[in-house]
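> One structure follows; several queries about it will come next.
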Amino acid sequence: MVLLTAFVAVALWPLLAAPAAVEPRYGSFVEWPAQYAGEPLQPLALSAVEQRFAAQFPGAIARFSAGTRAVTLRHVTRPTRKLHPAADCYRGLGYRIQAIHLEQRSDGDGLQRCFVASGHGVDLRVCEYIEDAAGQSFSDNSAWYWSALSGGSVGPWRAVSTAERL
């Protein structure tokens, strides 16, 4: 009986979480940073695939160039499973993912998950992390999700993914 109660409690946990943040009345405008790692961010258009995903995404998505890197920023105000790892996106686009590892971010403010995406005649070095409003950083999307859902991480959150040719 105790085990059954524990399973029911775990199953209902997401429903007992604090209510999702309400989007402000003025819409979902996000002020993106002007630079990344000392490089100015130049806006890029979302691809057709990214536009279809963004239409269903519970937040905002923007792409930029920063020197030799492409930078994708995703902004969310509530925990969501749609903020998934970049490796999933690259796999879905036909890339082979290899050499997954953690490394220190260039700004020294935490770890990021990096991997090599090979496909379509190119090898890309992709790195990503999620940061919350308090500056706490996550290199694992699942760890971020459960921390955000339980109130251990406060939003809004920004996911940062970078890609550059090897």
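Rule-based calculations on the coordinates, nothing more; no lab input. Note that the structure is predicted; figures quoted are calculated from it, not measured. Ideal geometry is used to build each Cβ from the backbone, glycine not excepted, and the neighbour counts take in all protein chains shown.
> Treat the count of other C-beta atoms within 10 Å as a stand-in for reagent exposure and order V154, V116 from fewest to most. Before the final figure, lay out each step's value.
Working: V154 13, V116 17.
With the fewest neighbours first, V154, V116 line up as V154, V116.
> Next up: Using label points projected 7 Å from each Cα along Cα→Cβ, tell me how many nm separate L102 and R52, to one decimal.
Each label point is offset 7 Å from its Cα along the Cβ direction, giving 3.5 nm.
> From a point 7 Å beyond the Cα of W146 in the direction of its Cβ, which residues of segment 76-98 have a backbone N at a distance under 14 Å?
Under 14 Å, as judged by backbone N against the label point of W146, lies no residue of segment 76-98.
> Still on this structure: Sort F53, F64 so that the residue with the fewest other Cβ atoms within 10 Å of its own Cβ comes first and the one with the most comes last. Please list the in-between numbers first.
Values: F53 16, F64 21.
In increasing order of surrounding Cβ atoms, one gets F53, F64.
> Quick one: what Rg and Dmax do you get for segment 17-166 from the alpha carbons, in Å?
15.1, 46
> How much length is gained on full extension from K82 to D109, taking 0.36 nm per residue of separation minus their Cα-Cα distance? Numbers along the way, then the final one.
Working: separation 27, 0.36 × 27 = 9.72 nm, distance 2.46 nm.
Roughly 7.3 nm would be gained on extension.
> Exposure proxy check: T68, T77, T162 ranked by fewest other beta carbons within 10 Å? All intermediate terms of the calculation are to be shown ahead of the outcome.
Working: T68 10, T77 19, T162 24.
In increasing order of surrounding Cβ atoms, one gets T68, T77, T162.
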